[in-house]
Every structure is written in structure tokens, then in C-alpha cells.
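*Asks:* Could you have a look at this structure, given as C-alpha cells, before my questions?
The values are calculated or read from the model by the stated rules, or taken from the named source; none is laboratory data. Note that this is a predicted model, so its numbers are computed, not measured. Here the Cβ is made from the backbone with ideal geometry for all residues, glycine too, and neighbour counts use every protein chain on show.
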Amino acid sequence: MKEGEDYLLTEDPQSGNADDWAVILKHPDYDKVVGKYTDIQILEQGTKLSFRYHPLYVPEEAKDVTTVEFYDHVAEVLAAIIKTHHEKNAMKYYSKETGEYIEFNE
């Protein structure tokens, strides 16, 4: 997955905070679906993700965004976003419990 090809990052249109972001999907089944991730957690020593995905806009022609297939797709997108931003040192994740840095190693 690549930013610009499979998804685009943008400001969250429902937030007044410029640091809040949303994702525009670029997939034949979900093209132009806009959503945001919340409650992101990196679990099991950096090998699993937990998150919530909230669709903000779903075009009529998009497939059902309540299916396991859709959830799997947005999980892949989130994994790519985290990996890319870890490599750029643009976004870092820390454990809420311990405060230590967590790297995602899908």
C-alpha cells in the first residue's frame, strides 16, 4: 500500500484541529470513502493493531463498509500509514500504560 496510490491522508473535515487526520480510500470497491481511525493501539509486542474506523463519507457506488472485507482493507491501510510514518519519524506511538515507544512490525 502506498500513500497517493491506495489512499490519501487529509485533515479531518469534522475537526477544528489541523493535526487531526482522515483517510480517503482509493480502492475500486471503496473509492472516495472518507474515514478516520480512533482508539489506535499497537498490541502483542508490535505485531497486532487494534482500532476503530469511522466512515465520514461513503459514496453511493461504494460497496458495503460494514463487512469483514472492508475492515481488513482499512486495517491494511492503517498498517501502511503507521509503517510509513515510523520510517519517516513523523508519527510515534507510545504505550498508555508504560509510556514506552512502540514500533509496529506487522
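*Asks:* Give V77, V23 a once-over and let me know the one that is in a strand (DSSP E or B) and crowded, with 17+ Cβ neighbours inside 10 Å. I'd like the intermediate steps shown before the answer.
*Replies:* Values: V77 fails: in a strand (DSSP E or B).
Checking each option against the conditions leaves just V23.
*Asks:* Then there is this: What single numbered condition from (1) surrounded by 11 or more Cβ atoms within 10 Å (Cβ to Cβ); (2) more than 18 Å from T84 (Cα to Cα) fails to hold for G16?
*Replies:* Tallying (1) surrounded by 11 or more Cβ atoms within 10 Å (Cβ to Cβ); (2) more than 18 Å from T84 (Cα to Cα), G16 fails exactly one: (1).
*Asks:* Going by what's in this entry, would L49 be described as hydrophobic (A, V, I, L, M, F, W, C), modelled with pLDDT under 95, over 17 Å from T10 (Cα atoms) and surrounded by fewer than 16 Cβ atoms within 10 Å (Cβ to Cβ)? Spell out how you get there, then give the answer.
*Replies:* Values: hydrophobic (A, V, I, L, M, F, W, C): yes; modelled with pLDDT under 95: yes; over 17 Å from T10 (Cα atoms): yes; surrounded by fewer than 16 Cβ atoms within 10 Å (Cβ to Cβ): no.
In short, no.
*Asks:* Right, something else. Would you pick out the residues in the stretch 26-38 that are surrounded by 12 or more Cβ atoms within 10 Å (Cβ to Cβ) and over 16 Å from A80 (Cα atoms)?
*Replies:* The initial filter retains those residues of the stretch 26-38 that are surrounded by 12 or more Cβ atoms within 10 Å (Cβ to Cβ), namely 26-27, 29-37.
If the condition is that a residue be surrounded by 12 or more Cβ atoms within 10 Å (Cβ to Cβ) and over 16 Å from A80 (Cα atoms), then D29, Y30, D31, K32, V33, V34 are the ones that fit.
*Asks:* In the stretch 58-89, how many residues are free of Cβ contacts under 8 Å to residues at least 40 places away in the same chain and either touching a Ser or Thr at 6+ places or on another chain (Cβ under 7 Å) or not charged (D, E, K, R) (or both)?
*Replies:* The number of residues fulfilling the criteria is 12.
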